[in-house]
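Below is one structure, written out as structure tokens; the observations come after it.
The values are calculated or read from the model by the stated rules, or taken from the named source; none is laboratory data. Quantities reported herein were computed from a predicted structural model and do not represent experimental measurements. In this analysis, Cβ positions are derived from the backbone assuming ideal geometry, glycine residues included, and neighbour counts consider all displayed protein chains.
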Amino acid sequence: MSIPIYTYDAVIVGSGLAGSAAARELQIAGKNVAVITKLHPLRSHSGAAQGGINAALSDADSIELHEFDTVKGADYLADQDAVELMCQKAPSTIRWAERMGAAFSRTDDGKIAQRPFGGQSSPRACFAKDRTGLTLLQTIYEQALRVGVDFIDEWYAADIIYEDGKVSGVVAFNIRNQEKAIFNAKAVMFATGGYARAFKISSNAHANTGDGLSIVARHGLPLEDMEFVQFHPSGLSGSGILISEAARGEGGKLLNSEGERFMERYAPNKLELASRDVVARAIINEIREGRGVGPRKDAVYIDLTHLGKEKIMERLPELRDLAITFLGLDMIKEPILISATAHYSMGGIPVDIDGHVRKNNDELVEGFYAAGECACVSVHGANRLGANSVLEALLFGRHVGQSMVADIDKLFLREAEQSDADAMIEEMERILTSNGKETVPGLRNELQQSMTDNAGVFRTEETLSKQVEIVKELRKRFANIRIDDKSKIFNTDLQEAIELGHMLDYSLFIVESALARKESRGAHYREDYTTRDDESFMKHTMAYMDENGDISLDYMAVTPGKFEPQERTY
Amino acid sequence: MTTITTQTITFNVFRFNSETDYLPYYKKVEMEVTSEEVVLDILNRIKWEVDGSFSYRRSCRHGICGACAIKVNGKGVLACKERMNDLIELFGTELTLEPLSIKRAVKDMIIDKEDFWVKHEAIEPYLISHIEEHPEMECAVTPAQAEALLDSDYCIQCGLCHYSCPVIEINDDFIGPAAFAKAYRFNADVRDDGIDERLDIINAPSAGVWDCVKCFECAEVCPKEVNPIEKITKLHNQIFEHGRAINNVATRHAVGFAHSIKKHGLLDEAELVRYSEGTLPMLMKHGKVGFKMFKVGKVVMPWNMPKSDKLDEVKALIKSSSTVKF
Ligand SMILES: Cc1cc2nc3c(=O)[nH]c(=O)nc-3n(C[C@H](O)[C@H](O)[C@H](O)COP(=O)(O)OP(=O)(O)OC[C@H]3O[C@@H](n4cnc5c(N)ncnc54)[C@H](O)[C@@H]3O)c2cc1C
Ligand code: SF4
Ligand code: SF4
Ligand code: FES
């Protein structure tokens, strides 16, 4: 059976903010571009962002302050050239999104309104009520549609065509009917989003299974800084669904089972408005020491009742709705139950400042690009600040799209062959015919639970070593699975199995990288090495997987800039 | 929530695989449901604990992406935002899970939504304006102008209203409430230059806003309080305000409606039909029914039409609001 080969100038995988913004740039430059996405574009996780998008717009703020806050927030692991580019271009990027139709909230004189967020020297987050991501995603998608971008939705990208340091296409199948195809192109971009679904308690969409990372890693290409996974302090108890930082920004108080406002002990000055990593650790510590609340004693209270009904309805209506839906608790009348939740992936596919994927510390892959949460250009370093990641996705998505436009005429098209689809076909066949005794939901649950327990907010040599063994063992058992659905139409059983394979692979990168980083920096907190060690670890982790699935580690220098590392206090 | 309670619930689950099944069937699944769960948790548990071949769409799991819309006992819900306890309270302990539209079912809860997206794209769902690629300043929009969108920008394209609309069921051309709400979203935006273009699209006979039967189902079912019927009414007005009305049954119906109210302060239904459809077509189409109604005294002759006691007020209101004459 022959597989159709479609030819484009550029193929983009992922249609969140990063992918859609890049696609529009290519299209308006007259390039022939396709966007492949496993969801409908408007279901991408970018639409879930509530809080805001940063830019130094006001006179009270400055680009330099935005840069400083970002570098400090990153615990000095960010690359300062990338931070500079992001902060400088932020104002025009926000205004460009506004011109395209984004429905931002406004000040009385008609300007874009801004609100304060943790770790910011000035109110910097532009917002659209509590649906910032929704308005941005809709706007970028709509305008990409308007100029004629070819969106190929509900197609699963399972592999890239990589040979001799060059990427020349994507191999994918149609989720609707398992029709397979090769998308041959001069330039390929990955914008596949985050990977916090490896954890049990997570704010992420079901779709955030980090496929893009493992697809890249399986070709022997590196992943950068995978140990840095951000845990947000306020996920709803049980589900991990996000209660935005706005809740603490508006004055939410954290209380334990003894009614103590415990942040007084952990961050006497900033209290609930200390940085995310600090608050998340405080909460988990309270729970570990037996002062948790709720039916499972695995949460703390966030009390917003003193704000009053009016303010809650005006500022936090969506959050109130979420707590009612998922906890049956009304924050107007009673405190609600929260705990830390896996939220954001600082690491990812290493790229240079123009989005070219790195082959190693010194070389780039030809014709291959990445942007958004799946990429690590490193603007967030060890810890990202609220409202900087939607900015990253939108801004770098567009910027990398432009760099593809500039490169495409210099790139040649290496024609794809039928055999390029072999790896994907084998993977699908293996899963469809495997007749073992393990189940996908069973293994996935073990992975997520153990990642939360052993590689979560607190980590030690012991828990991480244990987790390395668990992940390896789960990978072996994965070879012995059996799925129920053998049919061709919307076989989501098959899809979930493929996704689990990806989760297992990149999880090993997370734990191996974390095990080797014997210091505490930003979101990565080692109880056995509680301080930052600039001497040994002011560097990016570069991890590689070999053919046997084993990980080896290398390191890459951080790009310095005008801000010298200092101790990080809030 | 200090305790978690559980109940045994029986689910009748719609199953269908268009590749292998000739007809759909329902499968009974019994489960202990906890007070913490939403419908999506149940869908997940059916797939993960009972039968892996069960299929449905989902992504964000907190009511913002629009992927997971289904029907429970005929009621359209966003699976990830609908609490099981609320449904049990409403319908009892036996619940039927079905896709949004049975005739479009492809696999279990998954439907072919092609018609929804085609119509979404048909109304030009984007800001029509020159895009400044590197702007120095944003457009000035006051809070009041921003509020004019009336939350129509909050639509998540879940399709609940579309597949609950009775007109969509019988008329394949009808653009539908979600796309109308979207058309309103851009028409209400001070930055947009495409209002007339969009009005001409949504004004078309049989596809456009005039075919809405005002049943309010779309407002009822919407999980985001977008209230499409409210936007449809506003689009009716825009059509007249912008002089885009074309002389057809629907617009004449609207104008005739206004005439009648202006004249009597009340609705003269027979006159309205005559005005909308023309005297001769009216007699041909409704003559028989009309005659029967006349015989039993249900038709009031124009000269006998009663007047509202608030006629002056009504007249003043109409004068201030009407803009178009045929
Ligand atoms: C609950 C929540 C709230 C947030 N709030 C904020 C906020 O207020 N401010 C802020 O700055 N950031 C916020 N973030 C972070 C931010 O939303 C994300 O980092 C950002 O939107 C990522 O955009 P993206 O374009 O990289 O990826 P996404 O929008 O996640 O898109 C990924 C795309 O890749 C596709 N894809 C993935 N794998 C495959 C495959 N194998 N084949 C085909 N397609 C594939 C998906 O279908 C999707 O289209 C929040 C995150 C969460 C979870
Ligand atoms: S009010 Fe109109 S658009 Fe809404 S569901 Fe009823 S007929 Fe359809
Ligand atoms: S208007 Fe409401 S029900 Fe209709 S598609 Fe939009 S969000 Fe869904
Ligand atoms: S899964 Fe996104 S709305 Fe339900």
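A few remarks follow.
Rundown of residues vs (1) among the acidic types (Asp, Glu); (2) without any contact (Cβ under 8 Å) to a residue 24 or more places away in the chain; (3) under 21 Å from A:VAL440 (Cα atoms), yes/no style:
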{"residue": "A:ILE481", "(1), (2), (3)": "no, no, yes"}
{"residue": "A:LYS486", "(1), (2), (3)": "no, no, yes"}
{"residue": "A:PHE490", "(1), (2), (3)": "no, no, yes"}
{"residue": "A:HIS502", "(1), (2), (3)": "no, no, yes"}
{"residue": "A:LEU515", "(1), (2), (3)": "no, no, no"}
{"residue": "A:LYS539", "(1), (2), (3)": "no, yes, no"}
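- Among helices (runs of 4 or more DSSP H) entirely within the stretch B:82-193, having at least 1 residues that are within 16 Å of ligand 3 (Cβ to nearest atom) and at negative phi singles out B:114-122, B:166-170, B:177-187.
- Qualifying residue in the stretch A:252-262 (condition: surrounded by fewer than 24 Cβ atoms within 10 Å (Cβ to Cβ) and among the polar types (S, T, N, Q)): yes
- Where a residue in the stretch B:169-185 is among the basic types (Lys, Arg) and its partner, wherever it lies, is near ligand 3 (Cβ under 9 Å from one of its atoms), with Cβ under 6 Å and at least six apart: B:ARG185/B:SER152
- Some residue of the stretch A:407-415 being more than 16 Å from ligand 4 (Cβ to nearest atom), assigned to a helix (DSSP H, G or I) and closer than 21 Å to A:HIS356 by Cβ: yes
- There is no residue in the stretch B:27-35 that is of a type outside the set (Gly, Ala, Ser), outside any strand (DSSP E or B), within 11 Å of chain A (Cβ to nearest Cβ) and free of Cβ contacts under 8 Å to residues at least 60 places away in the same chain.
- For the stretch B:54-65, the criterion of being more than 13 Å from ligand 4 (Cβ to nearest atom) and modelled with pLDDT of 95 or more is met by at least one residue.
- Here A:ALA125 meets the list (1) away from chain B (no Cβ under 14 Å); (2) more than 10 Å from ligand 1 (Cβ to nearest atom); (3) at pLDDT below 95 almost entirely, failing just condition (2).
- The stretch B:42-62 - residue that is assigned to a helix (DSSP H, G or I) and facing another protein chain (nearest Cβ under 9 Å) and, of those, surrounded by the most Cβ atoms within 10 Å (Cβ to Cβ): B:LYS47
- Of A:ASP81, A:ASP109, all but one fail to be of a type in the set (Asp, Glu) and within 24 Å of the chain's Cα centre (by Cα); the exception is A:ASP81.
- Exactly one residue out of A:ALA82, A:ALA56, A:ALA102 is over 28 Å from A:GLY522 (Cβ atoms) and more than 8 Å from chain B (Cβ to nearest Cβ): that is A:ALA102.
- Of all residues in the stretch A:471-501, those being assigned to a helix (DSSP H, G or I) and β-branched (Val, Ile, Thr) number 3.
- Restricting attention to the stretch B:126-151, the residues that are under 14 Å from A:ALA102 (Cβ atoms) and within 7 Å of chain A (Cβ to nearest Cβ) total 10.
- Tally, over the stretch A:106-115, of residues that are more than 7 Å from every other protein chain (Cβ to nearest Cβ) and part of a loop (DSSP other than H, G, I, E, B): 3
- Residues of the stretch A:2-47 classified as within 13 Å of another protein chain (Cβ to nearest Cβ) and modelled with pLDDT under 95, total: 0
- Checking every residue in the stretch B:220-242 against the condition of being without any contact (Cβ under 8 Å) to a residue 24 or more places away in the chain and either in contact with an Asp or Glu (Cβ under 7 Å, 6 or more places away or on another chain) or within 21 Å of B:GLN145 (Cβ to Cβ) (or both) gives at least one match.
- Within the stretch A:207-237, tally of residues that are part of a strand (DSSP E or B) and either within 14 Å of chain B (Cβ to nearest Cβ) or over 30 Å from B:GLU36 (Cβ atoms) (or both): 6
- Any chance A:THR93 is over 29 Å from A:ARG532 (Cβ atoms) and either of a type in the set (Val, Ile, Thr) or more than 9 Å from chain B (Cβ to nearest Cβ) (or both): yes
- The stretch B:175-232 - residue that is modelled with pLDDT under 95 and within 14 Å of chain A (Cβ to nearest Cβ) and, of those, farthest from ligand 1 (Cβ to nearest atom): B:GLU225
- Flag for A:GLU286 being among the acidic types (Asp, Glu), under 29 Å from B:THR34 (Cα atoms) and in contact with a Gly (Cβ under 9 Å, 6 or more places away or on another chain): yes
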